[in-house]
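Beneath this line is the structure, given in structure tokens, with notes to follow.
The values are calculated or read from the model by the stated rules, or taken from the named source; none is laboratory data. This one's a predicted model, so the numbers in the text were calculated from it and none came from an experiment. Glycine gets a Cβ as well: all are built from the backbone with ideal geometry, and neighbour counts include every protein chain shown. Side chains included, ligands, DNA and RNA excluded: accessible areas come from the protein's heavy atoms. Shrake-Rupley method; radii C 1.70, N 1.55, O 1.52, S 1.80 Å.
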Amino acid sequence: MADKQRVMIVGGGLAGLSAAMRMAELGLDVDLISLTPVKRSHSVCAQGGINSVNQLTRQQGDSEWLHFDDTVYGGAFLQHQPPVKEMADWAPRIIDLMDRLGVPFNRTPEGFRDQRRFGGTLFKRTAFAGATTGQQLLYALDDQVRRWSVAGKVSLHETWDYLGPVLDDAGTCRGIVAQDLVTMEIRAFPADAVVIASGGCGLIYGRSTMSMVCTGSAASRTFQAGAKYANAEFIQVHPTAIPGADKLRLMSESARGEGGRVWVPRTPQDKRRPIDIPEDERYYFLEECYPEYGNLVPRDIATREIFNVCTNEGLSVEQDRLCVYLDLTHLPREMLDAKLGGILEIYEKFQGVDPRSVPMKIFPAVHYSMGGLWVDYEKSASGGLVVGSPRNQQTSIPNLYAIGECDYQYHGANRLGANSLLSCIFSGLVVAPGIVNLLKGAKQAAADETQLMAAAQARYQDDHDRLLRRPAGGANPYLLHQQLGNVMTKAATVVRSNDALDEAYGQVCQLNEQARRCSLSDTGNWTNQNVVFTKSLRDMFPIAKAILLGARARDECRGAHFKPDFAIGGIEAENPAEHRREAEAWCDRFEQNTAKWLKTTIATLDGDDEVKLSYEEVDTSLIPPRPRLYGLVGAEVIDEVWKTRQQSKSADGRDGADGRASAAPKTAAAH
């Protein structure tokens, strides 16, 4: 092992902090840079909870395997299964760890951790700390990292902007270049391994539930340096957010998990106060369409139903603004304050209405990116991960890793609620031992690469200086960002069509050209927010193009990616024999679609900075893909036909997507 080894972590949210804590425990020296003060990382905005099997759900027949099954089923089987299985297996221990680190999880009167149900499952797997779970988890990890900082193992660099990785002639990552947002100093940081933990890219859509620093620039700069970007087209639109002119504010799924009900008046734009509308004149459309899951269907389905009720059925609560009611008024005020106080205060502050006594008005909003930097893994004999393998979480650039929301590994085509906090902490913990083993074989420390670091620093300094010297009269970067957000929101959110995607791609290319020539209003060398924003704007375009091209190429419906022209509808026939024939045809089409599109989209940049797409097979060796039948008309007969086919294949020894018998100890029935 070389002397003076260090690891650089980019991002101070849950993923970055958990990685820093674990690496310090394992003896590594860590640098951590963060765009904001660590306690203001976007993880602090997570509200609802974190998932795992627990004592209560085990008594009801739950298991780590069923958590794993719900996750891949909810994600339309688009994620590699070994990392997801490992995450579900670790989940109970992760929550126990966070409990011991001081997270104030809500408790039952008997002193046990309280649990709530989230979407896409029938079990109460979600542990929570009121409606500020992300904040409490973040603060607990921040305490641990600062303890290691005092011990000299972690160096924190807050308010620094990652500009890009430093690669040697062999294409191996040897550090990063970053910029101080106060002094505007640009500096190279040598690192023997680099971990990107920079979060999502919601600002590409203009307004979203994400913090204003979630531009995706760090992931994009890594992408532009040669890393692969996977499944960009899968963007989660959360069903419930407060519409706003400046941004969209999340109203957590926990509101529905505690009994909140989504409805609209059956009379379009009913002028009566919502509390004056009788029950029989209310349309509880999620409960009617999905009686098993009710208001807790997976997010992609709830979002499309809300969108459909408002746009196609014309039942929006307001005529000039699309919204539905999220109703908590039937629940005890004491319970609401104890379990949902954080989000109720947000609604009251920004809407001026008490949601304990008046139903909230909400509408879907861009919330999360299932896609992200492509990362590797090493599969174990038991079907999970080889913990300690240097391949786990490594991008296509050697010695460069990605964890948290900026990687694509865990959520497939649709993320289940309360799995995000779990995946962030898990990926941070699991990457650490792999990097320890990676560095054991290193012969030269990155700190010795002085010429390489100096050249990289000079290159980024030159780019910065040229940006400041741009002549006046060019386009306004803030206006370009607004236009980009409008184009992306219109074409690539809830409902997509090829014509709209083609048009949007052309518009994004035009905006990209304008962004390359835009002007700055501030050319100063001290806390210059204008130049920082302009750099992040430039870096939004590669990911925006990857989103649009990936969506355009994928002619199917899968999770958050919904093209009505390619939807496989329900069963329409009433005659039993014809009913069965339609179900057989439905399963034929599903199998054909699975063979064609159950693939990871891989985006790369060519020499002209144009996005190119390729595809990678998905490891479904543990749970064979099956139809996602939430609320589908004719689901029972489709499920029956599908199971008959699988039993026939199993009898022939052909069960499992890779030709081997399924490793499942118990395959869950279709939900």
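Worth a mention:
- Residues with amide H under 5 Å from that of Lys599, placed H, sequence gap 5 or more: none
- For the chain, the longest principal axis of the C-alpha atoms and the axis of helix 529-553 are separated by about 50°.
- Cα-based shape type of segment 33-108, given that a ≥ b ≥ c are square roots of the gyration tensor eigenvalues and the cut on a/c is 1.5: oblate
- Contact order normalised by residue count of segment 355-501, Cα under 8 Å, 6+ apart, percent: 19
- Estimated vicinal HN-Hα couplings, Hz - segment 561-567 in sequence order (Karplus 6.51, -1.76, 1.60; Gly, Pro = x): 8, 10, 10, x, 5, 10, 6
- FRET efficiency for Ser521 and Lys349, using Cβ-Cβ distance with R0 set to 30 Å, rounded to 0.05: 0.45
- Entry for Kirkwood radius over Cα pairs in Å (calculated from the structure that is shown) out of (i) 35.3; (ii) 25.7; (iii) 31.2: (ii)
- Report note on the peptides 366-376, 335-345, 553-563: ranked by the mean count of other C-beta atoms within 10 Å, highest first, their order is 366-376, 553-563, 335-345.
- Area of Thr600 that stays accessible when all protein chains are in place (1.4 Å probe, Å², to 10): 0
- For the chain, the longest principal axis of the Cα atoms and the long axis of helix 576-597 meet at an angle of about 0 degrees.
- Cα long-axis angle, helix 635-651 against the chain (0 to 90 degrees, to the nearest 10): 70
- Note: relative contact order over segment 65-152, using C-alpha pairs below 8 Å and six or more positions apart, is 21 percent.
- Accessible-area ranking of Val177, Val487, largest first, probe 1.4 Å: Val487, Val177
- For the pair segment 319-359 / segment 138-206, the C-alpha centres are spaced 38 Å from each other.
- Only helical runs count toward this figure. For the chain, summing -39,500 (n - 2.57) over DSSP H runs of n ≥ 4 and dividing by all residues gives -12500 deg cm²/dmol at 222 nm.
- Selection from Gly550, Tyr460, Met488 lying farthest towards where the dipole of the chain points positive, charges on Cβ: Tyr460
- Put simply, when 470-476, 162-168 are sorted by average Cβ atoms within 10 angstrom per residue, most first, you get 162-168, 470-476.
- The chain: relative contact order in percent, alpha carbon pairs under 8 Å with at least 6 residues between: 20
- Ordering Gln135, Val166, Gly152 by Cα displacement along the dipole of segment 119-176 toward the positive end leaves Gln135 in first place; charges were set at the Cβ atoms of Lys, Arg (+1) and Asp, Glu (-1).
- Rounded to whole Hz, the Karplus (6.51, -1.76, 1.60) HN-Hα couplings of segment 245-255, x for glycine and proline: 6, 8, 7, 10, 10, 5, 10, 3, 4, 4, 4
- Highest to lowest packing among 349-359, 293-303, 383-393, 496-506, scored as the average C-beta count within 10 Å: 293-303, 383-393, 496-506, 349-359
- Integer Hz, Karplus 6.51/-1.76/1.60 couplings in order for segment 299-314, x for Gly and Pro: 4, 4, 6, 4, 4, 5, 5, 4, 4, 5, 4, 7, 8, 7, 8, x
- Most to least accessible of Thr132, Thr209 (protein chains only, probe 1.4 Å): Thr132, Thr209
- Heavy atoms of Trp597 accessible to a 1.4 Å probe, total area in Å² rounded to 10: 30
- Amide H contacts under 5 Å for Val177, placed H, 5+ residues apart: Leu163, Gly164, Val166, Phe189
- About the Cα centre, charge dipole magnitude for the chain (Lys/Arg +1, Asp/Glu -1 at Cβ), debye: 880
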